[in-house]
Amino acid sequence: MEDDIAKAKRSIEILPKYYESYFVLGEAYGQLKNFPKALENYQAALQLGYPPSIILNNMGGVFFKLQQYDTAIVYFNRGLAYNVGSAQTWTNLGSCYTNKQQFNEAINCYAKAVSIDPNYAEAFTNMGSAYGMMKEYDRAIEAFGKAMEIEPNNTILYFYTGITYRFKGDA
C-alpha cells in the first residue's frame, strides 16, 4: 500500500492535474483508514474531473465507515444524481438506512438495486437482513434465497437463512 501511495504521489509531481492519481491515493488512504486523507484526495480527483458518480459513492463510503450515516446519505444521493443506474450506490444508500433503522427506506433502495442488476447478491443479502430486523422472516428468507441462487457457494447466506428460520421459530 505504501508503494502505491509513493507511486501516486510521484505521478502527481509529474502530472499534477492527473485525477487518476488522486483517486488511487484516496483508495489507498481509505484502505489504511486514514479517512481525512482519503476524502482530501477524492475531493481533488473530483475537482480535476474524475467521474462524479464514482467519487461521490466512494466519499459516501468513507462517511459510512465513520458511521456518519446522514453525511454518507448526502454523498450517495449526490452520486445517484449523476448515475441513477448504479446498483452499488443504491445498495450503499440502503445500508445507511439499515444502520439508521429506517428499514422501509433501506428495502426500497435494495429493491432499486436489484431492479437495475437482478444478479446483485449483496443487495438481496442486505434486503434479507433488513427484513429480518423488521421481523418479516418469510421475506428475509426469500431474499436470502435469491442471493443463494446467485452465489450458491456463499456459506454465510446459509447461516443467515438458518438464523432467520430460528428467529421465525421453524428451527
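Just so it is clear, none of the values below were taken in a lab; they were calculated from the coordinates. Predicted model, so just to flag it, every value in this text is computed and none were measured. So basically every Cβ, Gly included, is an ideal-geometry build from the backbone, and we count neighbours across all protein chains shown.
Across the range 143-159, computed HN-Hα scalar couplings (Karplus, 6.51 cos²θ - 1.76 cosθ + 1.60, θ = phi - 60°) run 5, 4, x, 5, 4, 5, 4, 7, 10, x, 9, 7, 5, 4, 5, 5, 4 Hz from first to last residue, x flagging Gly and Pro. Decide, for the chain, between rounded, prolate and oblate: order the square roots of the alpha carbon gyration tensor eigenvalues as a ≥ b ≥ c, take rounded if a/c falls under 1.5, and otherwise choose prolate if a/b is larger than b/c, else oblate. Prolate.
Give me the distance in nm between label points sitting 7 Å out from Cα along the Cα-to-Cβ direction at A6 and V74, one decimal. Once both label points are built, they end up 3.8 nm from each other.
Where does the longest stretch of the chain lie that holds no trypsin sites (Lys or Arg not before Pro) found in a DSSP loop with 12 or fewer other Cβ atoms within 10 Å? Could the numbers behind the result be given before it?
Values: sites that count: K17, K33, K135.
Result, exposed sites excluded: 34-134.
Straight-line reach from K135: taking Cα to Cα under 15 Å and skipping same-chain neighbours fewer than 8 places apart, the aspartates and glutamates in range are D170.
Residue-wise HN-Hα couplings along the range 79-93, as the Karplus relation 6.51 cos²θ - 1.76 cosθ + 1.60 with θ = phi - 60° gives them from phi, are x, 5, 5, 8, 8, 5, x, 8, 4, 5, 5, 4, 5, 4, 4 Hz; Gly and Pro carry x. A straight chain from V84 to S115 at 0.36 nm per residue would run longer than the Cα-Cα distance by 10.0 nm.
Straight-line reach only, C-alpha to C-alpha below 23 angstrom: list the lysines that K9 could link to, leaving out same-chain residues fewer than 8 apart. The reachable lysines, counting only those whose Cα sits under 23 Å from K9, are K17, K33, K37. With R₀ set to 35 Å, the beta-carbon distance separating Q47 from N99 gives a calculated FRET efficiency near 0.75.
For the chain, the relative contact order is 11 percent, taking Cα pairs closer than 8 Å that sit 6 or more residues apart in sequence and dividing their mean separation by the residue count. Computed on the range 1-63, with alpha-carbon pairs under 8 angstrom and 6+ residues apart, the relative contact order is 29 percent. 3J(HN,Hα) couplings calculated from phi for the range 129-137 with the Karplus curve 6.51 cos²θ - 1.76 cosθ + 1.60 (θ = phi - 60°) are, in sequence order, 4, 5, 4, x, 5, 8, 6, 9, 5 Hz; Gly and Pro show x.
Let me spell out the model: positive unit charges on the Cβ of Lys and Arg, negative unit charges on the Cβ of Asp and Glu, origin at the Cα centre of the range 1-60. What dipole size does that give, in debye rounded to 20? Walk me through the intermediate numbers first.
Details: 6 positive and 7 negative charges, 22 e Å.
The calculated dipole for the range 1-60 is roughly 100 debye.
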